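Peer 1: Sharing a structure here in structure tokens format.
The values are calculated or read from the model by the stated rules, or taken from the named source; none is laboratory data. All values derive from a computational prediction rather than experimental measurement. In this analysis, Cβ positions are derived from the backbone assuming ideal geometry, glycine residues included, and neighbour counts consider all displayed protein chains. Accessible surface is based on the protein model in full, side chains and every heavy atom, while ligands, DNA and RNA are left aside. Shrake-Rupley method; radii C 1.70, N 1.55, O 1.52, S 1.80 Å.
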Amino acid sequence: QRVSPNQFDPSAKMAFTLHPAARPSDEGPYIPSMVRRAFTDLTRRPHLGVNVDYIGSTSPAKLHRETLHRLADVAHPGVSFRFHGGPLDAAFQSSLATVAAPERFEMGGYTAAVASVLTTSDIFITPMAEGSYASSDIALQEAMHAGVAPVVWDTTGPAHMITDGVDGRVVSSGEDFTRAVQSLCDDPNLRA
């Protein structure tokens, strides 16, 4: 990636690291990501059930083709799967018509009010398709700053932002994806 020095004040310090635990040797201030402060101070709202959210493109170029069926295998009372990101691609529309309990899926369309969605989010999924163009998904960063437990596939860029079992779950198969979402639905302490 390239960053133009014209984007920053001449006195600005920047540190680019490959691992979130890496720390510069001198004192900051450092900006850990491009996430707006609104997400770090987000006030969570009480709600019923467990909300599993995805925010992003709903095309097969970004969203893993197994996503809807893998989520349908999650057996938790009161779970809702909320998708925001424009009209659902035709292939996913067909897939949604064949899943068990399609009423658990809410297709919210595009939203610029990401912070509002995250106030009632419990789990944030980033099931990227293999070969996806996403490298550092901003919606995932916003969810993590808001304290929402993420689940990502290990075959895509966002997996490098999470340490499995520490600040989220990184999965390598559809079965692992279902198990990770199921365990987070079932255990609020694990989500926290």
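Peer 1: Take the conditions open to solvent by 20 Å² or more (accessible area, probe 1.4 Å), farther than 20 Å from residue 66 by Cβ, touching a residue at least 12 places away in the same chain (Cβ under 8 Å) and not in a strand (DSSP E or B) and apply them to residue 111. Does it pass?
Peer 2: Criteria met by residue 111.
Peer 1: May I pose another question? Let me spell it out: the conditions are (1) among the hydrophobic types (A, V, I, L, M, F, W, C); (2) closer than 25 Å to residue 172 by Cβ; (3) touching a His at 6+ places or on another chain (Cβ under 8 Å), and residue 123 meets all of them except one. Which number is the exception?
Peer 2: Result: residue 123 passes all but (3).
Peer 1: What number of residues in segment 154-182 are modelled with pLDDT of 95 or more and exposed (fewer than 14 other Cβ atoms within 10 Å of the Cβ)?
Peer 2: Number satisfying all stated conditions: 1.
Peer 1: Further question on the same structure: For the subset of segment 135-153 comprising residues that are small (Gly, Ala, Ser) and within 18 Å of residue 119 (Cα to Cα), which member is most open to solvent (accessible area, probe 1.4 Å)?
Peer 2: Filtering first and then ranking leaves 147.
Peer 1: Follow-up. Residue check: is residue 20 more than 23 Å from residue 178 (Cα to Cα), open to solvent by less than 100 Å² (accessible area, probe 1.4 Å), touching a Ser or Thr at 6+ places or on another chain (Cβ under 8 Å) and modelled with pLDDT under 85?
Peer 2: yes
Peer 1: Quick one: what pairs do we get from segment 87-102, first residue more than 18 Å from residue 74 (Cβ to Cβ), second polar (S, T, N, Q), C-beta under 8 Å, 6+ apart or different chains?
Peer 2: Between residues of segment 87-102 that are more than 18 Å from residue 74 (Cβ to Cβ) and residues that are polar (S, T, N, Q), the close pairs are 87/58; 88/58; 89/58; 89/59.
Peer 1: Could I ask something else about it? Among (1) open to solvent by less than 30 Å² (accessible area, probe 1.4 Å); (2) within 13 Å of the chain's Cα centre (by Cα); (3) over 18 Å from residue 58 (Cβ atoms); (4) not acidic (Asp, Glu), which single condition is residue 128 missing?
Peer 2: (3)
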